[in-house]
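A quick write-up on the structure given underneath.
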Amino acid sequence: MPEFDLAIRGGTVVTAADTFPAEIGIRDGRIAAVASRVGDAARTIDAGGLLVLPGGIDSHVHIDQPSGPGIVMADDFASATRAAAAGGNTCVMPFALQPRGESLREVAAAYRAKAEGRCHIDVAIHLIVSDPTPAVLGQELPALITAGYTSFKVFMTYDDLVLNDRQILEVFEVARREGARVMVHAEGYDTIRYLSERLERSGQTGPYGHALSRPQPVEREAAHRAITHAELVDLPIVIVHVSGEEAMEQIAWAQGRGLKIHAETCPQYLTLTAEDMKGLGAEDPIAGAKYVCSPPPRDAASQAAIWSGLQRGVFDLVSSDHCPFRYDDPQGKLNPKGRTSFRWIPNGLPGIETRLPLLFSEGVSKGRISLNRFVALTATNHAKLYGLYPRKGSIGPGFDADLTLWDPKRRETITQKNLHHGSDYTPWEGFAVTGWPVMTIAGGQVIAEEGRILSEPGRGRVLDRTIDRAGPFA
Ligand code: DUC
Ligand code: ZN
Ligand code: ZN
């Protein structure tokens, strides 16, 4: 009987720390050996000329999430995880959103039930806390954290989600006591409302108004406020989807003072600008709706600043913030109310399948970041920050056999017709990239190869996590 179920030979292994030629032996879904030569295997994959990276972990995606009256998200768990797999990912982390007035425990159970049996790759679920009642703070949240939902997101904006400062402090306090990880959406609610109403009064109701209603100071102020609250409670936090240079400066300032403020950014803040929301040249006057997301993409100066933040270590994470709506659909971007004001255009972009190629190409192939930093930003740090390490996020004996084989020289052009998500467009249509994930292996099984999906829904598991107060990034 062969020693391994699968051997990968001839490739160059890349982790967040090292790059070296090695063979990998896989048994029972886990990595059993990494060495210059491993023993015989039932199947051998020739990775000659390829890079062997930990499978991508996308710790910020929205799947099948309630999105308001008449609006429907474009992906369910099957379509989102198949697109993720095709794009080189082996684990994603979506959100169970608590509508106000509902039990967080019931919301988490119902959301988990939607995922069970439908996923191509493993998922781990974050919570969104919108209604921190005494019962939620005192019983439900602590019980859920203990049960394996060890991270949650809070919002500083949106009518249905916003927490006030007092509520944020109280939620932070629970997270500190229970050892949970908090993600913060940092944009100021009142300032956005004020600016939105002013824009509407002046007739600026098209998609570009979305960018004008949430300028950089709106994000900068909220980031500073979140940092202040985190400092007062002595809680490490993750400020997610940082889009602007000004918010990033606040984070760098806090980090310089020794505060444990982690930051995430996304490909849209490195490759798109607010100008895209003008939809110039497109037939429909609100074609810019395709690019409406929050926070909005900024400008070239901000893009350059975020690259520098990635290089200097201000950011730990690059996630997709995949939040997919169909464009040409009355339940999506072109819903009837969205034509009356940017305020009603659903916020979010599809990006689960394009995150890794975009960052590889714009980052590694263009010499802005090293391969090792790419691995840290797209896999290892996600596992470390959200309690999946050392099970996932690197390559070594004992890790899940979640691997992506990359052809660093392959040139491709991103186009909707080749993507696997449920949306009907990609914001990166026609974007040329160098470097491509040619094979995705999850739990030792080849689940995607050259854009073909080889797994079935239900292969992926819903993972529980445990608190490790002494773990990496604790
Ligand atoms: N925040 C997200 O994290 N995703 C989409 C929209 C939003 O506001
Ligand atoms: Zn958000
Ligand atoms: Zn998001």
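FYI, it's all coordinate maths here, none of it is from the lab. Source: prediction; values computed, not measured. All Cβ positions, glycine included, derive from the backbone under ideal geometry; neighbour counts span all protein chains shown.
Sum up the charges of everything whose Cβ sits under 13 Å from the Cβ of ALA383, counting Lys and Arg as +1 and Asp and Glu as -1, but leave ALA383 out. Each step should come with its number before you reach the end.
On the way: positive: ARG181, LYS384, ARG391, LYS392, ARG465; negative: ASP58, ASP122, ASP316, ASP400, ASP402, ASP468.
Taking every other residue near ALA383 into account, the sum is -1.
Each residue of region 435-440 in turn: what ³J(HN,Hα) in whole Hz from Karplus with 6.51, -1.76, 1.60 and θ = phi - 60°, glycine and Pro shown as x?
Once rounded to whole Hz, the list reads x, 8, x, 9, 8, 10.
Residue by residue, what Karplus-based ³J(HN,Hα) values in Hz, rounded to whole numbers, does region 65-76 have, using 6.51, -1.76 and 1.60 with θ = phi - 60° and x for Gly and Pro?
Running phi through 6.51 cos²θ - 1.76 cosθ + 1.60 with θ = phi - 60° gives 9, x, 10, x, x, x, 10, 10, 5, 7, 10, 9 Hz.
Regarding region 319-445, what's the average projected area of the Cα-atom convex hull, expressed in nm²?
Values: hull surface 38.1 nm².
About 9.5 nm², averaged over all directions.
What residues qualify as long-range amide H neighbours of SER151, i.e. H under 5 Å apart, gap of 5 or more or another chain, H built at 1.01 Å from N?
Here LEU127, ARG181 satisfy the definition.
Give me the net charge for the shell around ASP468: Cβ to Cβ below 14 angstrom, other residues only, Lys and Arg +1, Asp and Glu -1.
Counting the neighbours of ASP468, the net charge comes to +4.
Show log10 I(q)/I(0) for the chain at q = 0.08, 0.09, 0.10 Å⁻¹, two decimals, from a solvent-free Debye sum over equal Cα scatterers.
Each listed q maps to, in turn, -0.43, -0.55, -0.69.
Long-range amide H contacts for PHE325: which residues qualify at under 5 Å (H placed 1.01 Å from N, peptide plane, sequence gap of 5 or more or a different chain)?
Amide H to amide H, under 5 Å and 5 or more residues apart or across chains, PHE325 pairs with ALA74.
For region 78-207, rounded, prolate or oblate, judged on the Cα gyration tensor with a ≥ b ≥ c (square roots of eigenvalues), a/c < 1.5 rounded, else prolate if a/b > b/c?
oblate
Tell me whether region 389-474 comes out rounded, prolate or oblate; compute the Cα gyration tensor, take square roots of the eigenvalues as a ≥ b ≥ c, and use a/c under 1.5 as the rounded threshold.
Values: a/c = 1.89, a/b = 1.81, b/c = 1.04.
It comes out prolate by the Cα gyration axes.
Could you list which residues have their amide H under 5 Å from that of LEU463, counting only those 5 or more apart in sequence or on another chain, with H placed in the peptide plane?
Close amide H contacts, sequence-distant or interchain: VAL123, ALA124, ILE125.
For region 67-109, what percent of Cα pairs sit more than 14 Å apart?
Details: 558 of 903 pairs.
Beyond 14 Å sits 62 percent of the P(r) for region 67-109.
Once each part is reduced to its C-alpha centroid, what is the distance from region 155-226 to region 402-425 in angstrom?
Between the Cα centres of region 155-226 and region 402-425 lies a distance of 33 Å.
Which whole-Hz ³J(HN,Hα) couplings does region 257-263 yield from phi under the Karplus relation 6.51 cos²θ - 1.76 cosθ + 1.60, θ = phi - 60°, glycine and proline marked x?
3J(HN,Hα) across region 257-263, in whole Hz: 8, x, 7, 8, 10, 9, 9.
Leaving out same-chain residues fewer than 8 places away, which lysines sit with a Cα under 28 Å from that of LYS290?
List returned: LYS114, LYS153, LYS278, LYS333, LYS337, LYS366, LYS417.
With an 8 Å Cα cut-off and a minimum separation of 6 or more residues, compute the relative contact order for region 59-191 in percent.
Details: 206 pairs, mean separation 27.5, N = 133.
Value for region 59-191: 21 percent.
Summing +1 for each Lys or Arg and -1 for each Asp or Glu, what net charge is found among the other residues whose Cβ lies under 12 Å from the Cβ of SER365? Walk me through the numbers before you get to the answer.
Working: positive: LYS366, ARG368, LYS409, ARG410, ARG411; negative: GLU362, ASP407, GLU412.
Net charge in that neighbourhood comes out at +2.
Dipole magnitude of the chain about its Cα centre, charges +1 at Lys/Arg Cβ and -1 at Asp/Glu Cβ only, in debye to the nearest 20? Don't jump to the answer; show the numbers that get you there.
On the way: 49 positive and 57 negative charges, 86 e Å.
The calculated dipole for the chain is roughly 420 debye.
Any idea which of HIS229, GLY244, GLY279 is furthest toward the positive side of the dipole for region 208-291, if Lys and Arg beta-carbons carry +1 and Asp and Glu beta-carbons -1?
HIS229
Mean separation of Cα pairs under 8 Å and 6+ residues apart, divided by the residue count of the chain: what relative contact order is that in percent? Intermediate results must be reported in sequence, preceding the final value.
Details: 1172 pairs, mean separation 107.3, N = 474.
Answer for the chain is 23 percent.
When a/c is below 1.5 the answer is rounded, else prolate if a/b is larger than b/c, else oblate, so apply that to region 401-451 with a ≥ b ≥ c taken from the square roots of the Cα gyration tensor eigenvalues.
Oblate is the answer for region 401-451, as a/c is 1.5 or above yet b/c matches or exceeds a/b.
Could you work out the percent of alpha carbon pairs in region 97-142 separated by over 13 Å, rounded to a whole number? Before the final figure, lay out the partial values.
Details: 564 of 1035 pairs.
Distances greater than 13 Å cover 54 percent of the Cα pairs.
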